[in-house]
Amino acid sequence: MDYSRNIGLSSFKFNMLQRIRSMNGTAKQIWYALITLLIYVSMGVNRNYVAFLSHQLDQSDSKIRLSNNEKTWIGSSGTMLAPFGCLASGFLMDVIGRRSCLLIMFIPLVISWAMISMASSYEMIFVAMIISSGALGIGGSIIPYISEISTTKYRGVLLSLVDVTLNFGVIICSFLMYFLKWNIVAIIFTVMCSISLLITFILPESPVWLYSKGKKDQAIKVLVALRSKSRDELEDEIKDMELALEAIDTKRGGMVKKCFLAWRQFLIANLLFFLITLAGPSIFLSYTVLIIDELKTPYNGSALAVIYSLAGFCGSFLTPFFMHNLKRKVALIVSAGGMTISMMGVSLYDFFFLESEYKPCVWIVPVLLCLYNLLDNMAVFPLSFVIGGEIFPLEVRGTLQGLFGFVGWIAWAVSLKYYPNVMFSFGVT
């Protein structure tokens with residue numbers, strides 16, 4: 001039986017590889033990027049799952065009941081090990097390769113979802129979410145990998161798909177949690193992560209990483225297969241890799257010194273992520289139903305959360321246009337400016353009408369919230385993730401991406417843990 005199963009898996013992989021080999025270079029870049037981005041689908045699922053989980057556990061028929069303090073711990077548990085996962089991924093990316101990191105991170109995801117599906121207590125859910133957070137931290141290895149397998153022409157567009165796939169995961173989770181119980185949804189996600197793990201095996205290693213490790217023949221072979229071109233046609237790209245590595249070799253000092261020399265890029269990336277965390281999109285992702293309920297609209301909170309996630313998904317489809325056609329600063333100003341106006345509108349409306357018996361044009365609040373999420377996903381949120389892969393120097397890209405994720409995930413975890421306390425203390429307005 002096991003032998004037959006192995007033959008079936010080998011046959012599946014062989015057929016997949018044969019189909020990919022027949023594709024042109026552009027199609028291969030897109031296909032491999034989409035397979036890589038499966039981890040961001042899982043990230044979207046994990047973050048949005050918490051928003052609906054707390055709501056379902058509050059129902060009268062729930063066998064597990066949570067206190068307010070336990071809800072905040074569950075809300076932040078999905079980020080607790082992420083900083084350390086980022087640190088590990090930064091080191092592992094530069095030592096064992098980008099592809100190997102991608103394979104490693106799906107294992108704890110499968111374990112955590114299996115644990116949640118069988119959970120009978122708050123403690124079991126809490127531990128499972130912590131395990132999954134380590135995998136999401138390792139997910140930082142995606143950005144350098146996509147940057148290194150894609151050409152300059154398509155790199156910006158492919159990196160912008162990070163936000164599309166994350167929001168796709170949010171939508172999948174929203175719909176499933178709206179119609180199904182939390183433990184049934186966990187079983188479904190266990191199967192999905194297992195399938196994602198199997199598909200990831202067909203990815204090639206980054207040619208840039210292979211070249212940096214002295215495996216030049218293997219790197220060129222992978223590059224030829226990726227681009228569907230002959231070696232002669234890729235001379236310019238191969239020469240660019242050589243020049244980049246020669247520039248690295250001429251720089252004196254170890255890894256610590258090289259990281260220190262890139263302090264400006266590191267500061268810019270972390271400052272942007274910190275400001276975006278305070279701007280609220282990550283908080284809304286984990287506390288959507290809670291925040292909507294606190295706004296006291298006459299609509300069903302879970303249904304509005306699904307619509308809210310759809311707005312973000314639609315906004316993420318505009319990300320490629322923004323990232324490909326506008327300068328980063330222009331895209332950021334348009335996106336953040338629109339978010340500011342939208343959230344100011346919600347705040348002013350609730351300042352005057354939150355406790356009022358008569359609320360005129362009550363549809364304004366959900367419309368402005370959806371507009372906020374749509375504008376956020378057009379540029380602000382995706383830029384917070386991809387900026388490191390674009391501005392960090394090649395020789396320390398993996399390490400700095402890991403450190404960047406370490407600081408960013410800590411900021412995210414703290415905001416998720418304490419936001420409900422701040423909201424209940426000062427009011428949602």
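The values are calculated or read from the model by the stated rules, or taken from the named source; none is laboratory data. A quick note: this is a predicted structure, and the numbers were derived from the prediction, not measured. Methodologically, a virtual Cβ is constructed for each residue, glycine included, from the backbone with ideal geometry; neighbour enumeration extends over all protein chains shown. Accessible surface is based on the protein model in full, side chains and every heavy atom, while ligands, DNA and RNA are left aside. Shrake-Rupley method; radii C 1.70, N 1.55, O 1.52, S 1.80 Å.
Rolling a 1.4 Å sphere over the protein heavy atoms, what is the accessible area per residue of segment 137-205, to the nearest Å²? Before the final figure, lay out each step's value.
Details: 2300 Å² over 69 residues.
Result: 33 Å² of accessible area for each residue.
For E233 and M118, FRET efficiency with R0 = 60 Å and r from the beta-carbon atoms, rounded to 0.05? Could the numbers behind the result be given before it?
On the way: r = 53 Å, r/R0 = 0.89.
E between M118 and E233, to the nearest 0.05, is 0.65.
What whole-number value in Å² describes the accessible area per residue of segment 269-338 for a 1.4 Å probe? Don't skip to the end; give the middle numbers.
Values: 3100 Å² over 70 residues.
Using a 1.4 Å probe on heavy atoms only, each residue of segment 269-338 averages 44 Å².
Can you give the accessible area of R231 in Å² (nearest 10), computed on protein heavy atoms with a 1.4 Å probe?
Its heavy atoms expose roughly 120 Å² to the probe.
Extension gain N69-F91, at 0.36 nm per residue separation less the Cα-Cα distance, in nm?
On the way: separation 22, 0.36 × 22 = 7.92 nm, distance 3.49 nm.
Gain in length upon complete extension: 4.4 nm.
In Å, what Kirkwood hydrodynamic radius results for the chain from the alpha-carbon pair distances?
Numbers: mean 1/r = 0.0442 Å⁻¹.
Value: 22.6 Å, from the Cα pair sum.
What distance in nm lies between label points placed 7 Å from Cα along the C-beta direction at K296 and D217?
Label-label distance for K296 and D217, simple model: 7.4 nm.
So which DSSP H runs in the chain come out at 20 Å plus along the axis (Cα) with average Kyte-Doolittle of at least -0.5? Don't jump to the answer; show the numbers that get you there.
Values: long enough: 2-21 (28 Å, -0.57); 38-57 (28 Å, 0.61); 98-117 (30 Å, 1.53); 122-138 (25 Å, 1.71); 152-179 (42 Å, 1.28); 182-200 (27 Å, 2.11); 235-250 (22 Å, -0.44); 263-279 (24 Å, 1.58); 301-325 (36 Å, 1.09); 328-353 (37 Å, 1.13); 397-426 (41 Å, 0.66).
TM-like helix candidates: 38-57, 98-117, 122-138, 152-179, 182-200, 235-250, 263-279, 301-325, 328-353, 397-426.
Using a 10 angstrom Cβ neighbour count of at most 13 plus a DSSP loop assignment to flag exposed GluC sites (Glu not before Pro), which longest range of the chain is free of such sites? Write out the running numbers ahead of the final one.
Numbers: sites that count: E355, E357.
By the stated rule (loop sites, at most 13 other Cβ atoms within 10 Å), 1-354.
Carbon and sulfur together cover what percent of the accessible area of segment 333-415 at a 1.4 Å probe radius?
On the way: 2600 of 3320 Å².
So the carbon and sulfur contribution to the accessible surface is 78 percent.
Enter the Cα centre distance for the pair segment 50-69 and segment 330-382, rounded to the nearest angstrom.
28
Obtain the nm distance between the two label points defined at M344 and V127 by a simple spin-label model: each point lies 7 Å from its Cα along the Cα-to-C-beta direction.
With each label placed 7 Å out from Cα toward Cβ, I get 5.0 nm.
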